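The values are calculated or read from the model by the stated rules, or taken from the named source; none is laboratory data. These numbers come from a predicted model, not from an experiment. FYI the Cβ positions are ideal-geometry reconstructions off the backbone, even for glycines, and counts take in every protein chain you see. In case anyone asks, the SASA skips ligands and DNA or RNA and just uses the protein heavy atoms, side chains included. Shrake-Rupley method; radii C 1.70, N 1.55, O 1.52, S 1.80 Å.
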Amino acid sequence: MSVFKVELISTETVKPSSPTPDHLRHYQLSFLDQISPPIFMPLLFFYEKPHEDKDAIFNHLKKSLSDTLTGFYPLAGRIKENLFIECNDGGIPYVQAKVNCELSKVMEEPNPGQHNKLLPFKLDELNDLLLAVQVNLFDCGGIAVAICISHKVGDALSYFMLVNSWAATGRGDTDIKWPRFDSAQLFPPKNISGFEPSTGITKEEVVTKRFVFSASSIAELRDKYSEKANAESPTRPTRVEALSAFIWTRFMESTQSNADLQKKLYTILHAVNLRTRTDPPLPEYSFGNISRIAITAPRMEKGEECYKLIDQMRDAIRNVDVDYVKQLAESEEHLSFLKEAAAIFNQGGWIAFSFTSLCRFPLYEADFGWGKPIWVGSARLTFNHLVTFFDTRTGGGIEAWINLKPEDMAKFEADKELLSYVSSSPSKIVA
């Protein structure tokens, strides 16, 4: 795996190119913002060497970011007491750094733990910041743009609104859909005392590894689950459904003992976009944490493949409907559930295995003027039992970035059934 050193060149503060009007200087957090974890969401966008020199690249990105922040003004402000953002145009950290290796080395031997060196901050060192950027220049002239957005202000769809608006501004596009900032009207803020949003963030060691599943392997898994599916639910599993069920069963089989099954609560969590589940549906450019979690409590015993698991996951996601969203906004029921769940989790009695899918998101559309990224990746995260799915750039495969404790990862990555479906050469080129 690639190991490299990163040398910081400079750190600046980039502010919106136009001042935020007085009437927009107080941005109220929504209830869903309040309960979101205080953590940076990181992605790294890797580019081959542009034709421009490095100073021109740094300045081009800085200027276009400044222009973009005018439309995304809350991100240049400062969060206050988990209640609101002071949109004071304080600006965002913009770091320039040099990496002492070729880009090809990172691409051919991805090492998520090393990727954290390419980020401007540790992921749990938010303070009151909402956005930070680091532009990394490799020896060969290649670039990695690290973009970290606070989960306190937005979800994955919000993340890509910013990234692709910034890229479009860099290209000189003028037809840009600017975000709509009204999530607090949809989900009014609440008194969340008794619930700690940082629940789940761990200071313990977590290992992040990247497992690449080719299109053919995924098709084989989908066929496998289709053959064993309940006759009442003959629909072929999606790629994400099949991989979620497979990874979960291999985790359970390789790491959990029969004794664990008797004394712990196991659940599978899937992030669900709420924009299409409101009445009426929200536009896709609605900014904020407008997503929630579908919870599946698998009915399974260790050693069983449990082919009905996909039906259970579908039922859980289906239950995140218009009525669910209305209850989320109007009642205290969800907050009460969170408090109870956090208490069980903190006592070690709940294993919550989370899946977030970025498949079909516009991962590879961020062209700042010198072409689209040749690879998009992440870094080592601060959550245990977390899986993030990324589409491969070509070929219809999926990268699964999996976060586990070291002892669990050692058992998981040695599982023969898992390895029979994982690409044997998981470089960024494999699809």
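List of remarks:
- Of all the options Leu358, Leu131, Leu24, the one that moves most in a Gaussian network model of the chain with Cα springs shorter than 10 angstrom is Leu24.
- Over 23 Å (Cα to Cα) - which of Lys80/Lys122; Lys49/Lys372; Lys15/Lys372; Lys263/Lys416; Lys15/Lys152 fall in this group: Lys15/Lys372; Lys263/Lys416
- GNM result for the chain, Cα springs below 10 Å: residue of Ser36, Ser257, Ser104 fluctuating most strongly: Ser257
- Seen from a random direction on average, the alpha-carbon convex hull of the stretch 333-402 projects onto 6.9 square nanometres.
- DSSP H segments from the chain that extend 15 Å or more along their own axis, Cα-based, with Kyte-Doolittle mean of -1.0 or above: 54-71, 156-171, 239-255, 333-346
- Contact order, relative form, for the chain: 22 percent (alpha carbon pairs under 8 Å, 6 or more residues apart, mean separation divided by residue count).
- Taking packing as the residue-averaged number of other Cβ atoms within 10 angstrom, the listed peptides 237-247, 260-270, 170-180, 56-66 run from highest to lowest as 237-247, 56-66, 260-270, 170-180.
- Distance (nanometres) between label positions extended 7 Å along Cα→Cβ at Asn258 and His51: 6.8
- Accessible surface computed residue by residue for the chain, with neighbouring protein chains in place and a 1.4 Å probe, gives 43 Å² per residue.
- Principal axis dimensions, the chain - Cα atoms, whole angstrom, descending: 58, 50, 38
- GNM remark for the chain: springs join alpha carbons under 10 Å apart, and the peak mean-square fluctuation among Ala410, Ala76, Ala156 falls on Ala410.
- Listed by chain and number, the aspartates and glutamates whose C-alpha is less than 15 Å from the C-alpha of Lys405, apart from same-chain residues fewer than 8 away, are Glu204, Glu205, Glu413.
- Per residue of the chain, the DSSP helices (runs of n ≥ 4 H) give a summed -39500 (n - 2.57) that works out to -9000 deg cm²/dmol at 222 nm.
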